[in-house]
Amino acid sequence: MDNKEKVLYDDGTHKCVMFSFDDESVEDAFLSVNQYLIVQNGIGVLVDPGSEAVFDELYEAVSQHVEIDKIKFIFFSHQDPDVSGSIAQWAISTQARFIMPSLWIRFMTHYGFMELSRVIALEDKGAKITFGEDFLQFVPAHFLHSPGNFSLYDSRSKIVFSGDIGAAIVETPEGYKKVSSFEEHVKHLLGFHKRYMGSNKLCRAWVARIQGLDVHMIAPQHGLVFEDDDVKYFLEWLKELQCGSDYLEELY
Ligand SMILES: [Fe+2]
Ligand SMILES: [Fe+2]
């Protein structure tokens with residue numbers, strides 16, 4: 001199996017695909033990056049497409065699953081270059097609308113993106129949009145880590161595309177990039193979350209929202225996917241995590 005692509009869900013009409021394209025010029029950085037595609041009846045939603053460096057490979061891979069001009073939405077969870085760096089390339093190549101936190105729209109021109117009329121702005125409380133027979137829900141994830149940040153819940157596959165939440169700095173296995181032992185995986189989560197995430201209070205707010213949904217999988221933008229029981233273990237862990245401003249004295 002090509003380690004750069006994995007179908008996470010497929011019921012014949014609705015499919016979710018995970019891609020893992022890294023900027024090979026920074027291979028030693030050890031922060032593997034995942035990009036995602038949702039397709040229903042030939043209509044696509046691209047999730048956190050990533051940096052300019054991976055655009056060509058991702059475009060090619062995505063086009064194997066959906067006609068590029070049938071990509072209806074491209075979702076950017078937050079402003080970082082590993083999420084949004086290729087926005088100008090996707091603007092040229094697609095007819096898509098760009099869904100992103102309203103807080104970051106004004107910064108996108110610095111990536112060369114000028115077509116602001118194509119943006120659907122997410123206000124702080126998030127949004128829910130119909131997608132085919134189902135819905136996509138943009139769940140607030142502010143300060144986890146970005147001040148304006150959302151996770152995306154796909155009601156059909158029951159996958160939460162969680163952006164940097166759940167990200168791990170870990171050497172990825174061959175084949176399916178999935179957590180096999182949560183206990184083992186914790187050490188790869190800890191450093192990233194402790195420093196990049198805002199505070200325990202914010203973690204709890206997000207966990208409460210996610211626990212209110214029927215979730216089968218959490219798919220982060222870096223590292224490994226959490227499935228079944230590991231979803232529960234991860235949420236329990238995050239709920240108790242001390243991070244960010246909880247360590248104010250150490251930081252200042
Ligand atoms: Fe980020
Ligand atoms: Fe990231």
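The values are calculated or read from the model by the stated rules, or taken from the named source; none is laboratory data. Owing to the predicted nature of the structure, the values given are computational and were not obtained by experimental measurement. Neighbour counts run over all protein chains shown; Cβ positions are idealised from the backbone, glycine included. For the accessible areas, the whole protein counts, side chains as well, though only heavy atoms, and no ligand, DNA or RNA atoms are used. Shrake-Rupley method; radii C 1.70, N 1.55, O 1.52, S 1.80 Å.
The table below lists the values:
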| quantity | calculated |
| --- | --- |
| Complete set of residues in region 165-179 that are out of contact with any strand residue (DSSP E or B) (no Cβ under 7 Å at 6 or more places or on another chain) and either open to solvent by less than 10 Å² (accessible area, probe 1.4 Å) or modelled with pLDDT of 95 or more (or both) | Ala168 |
| Pairs with Cβ under 8 Å, 6+ apart, first in region 213-224 and within 16 Å of ligand 2 (Cβ to nearest atom) and among the small types (Gly, Ala, Ser), second open to solvent by 10 Å² or more (accessible area, probe 1.4 Å) and not in a loop (DSSP other than H, G, I, E, B) | Ala219/Leu8; Gly223/His188 |
| Selection status of Asp134, crowded, with 19+ Cβ neighbours inside 10 Å, in contact (Cβ under 8 Å) with a residue 40 or more places away in the chain, away from ligand 1 (no atom under 16 Å from the Cβ) and under 15 Å from Leu213 (Cα atoms) | no |
| Selected residue (only one of Gly50, Gly42, Gly126 is among the small types (Gly, Ala, Ser) and either within 16 Å of ligand 2 (Cβ to nearest atom) or at negative phi (or both)) | Gly50 |
| Residue count, region 225-239 (criterion: farther than 21 Å from Phe138 by Cα and not in a helix (DSSP H, G or I)) | 1 |
| Selection count, region 69-86, where residues are away from ligand 1 (no atom under 11 Å from the Cβ) and either over 21 Å from Ile165 (Cβ atoms) or open to solvent by 30 Å² or more (accessible area, probe 1.4 Å) (or both) | 5 |
| Boolean, Lys72 is among the basic types (Lys, Arg) and not in a loop (DSSP other than H, G, I, E, B) | yes |
| Top-ranked residue of region 82-113 - restricted to ones that are in a helix (DSSP H, G or I) and either acidic (Asp, Glu) or within 13 Å of the chain's Cα centre (by Cα) (or both), ranked as farthest from ligand 2 (Cβ to nearest atom) | Ser84 |
| Residue tally, condition surrounded by fewer than 21 Cβ atoms within 10 Å (Cβ to Cβ) and either touching a helix residue (DSSP H, G or I) at 6+ places or on another chain (Cβ under 7 Å) or in contact (Cβ under 8 Å) with a residue 12 or more places away in the chain (or both), over region 53-68 | 8 |
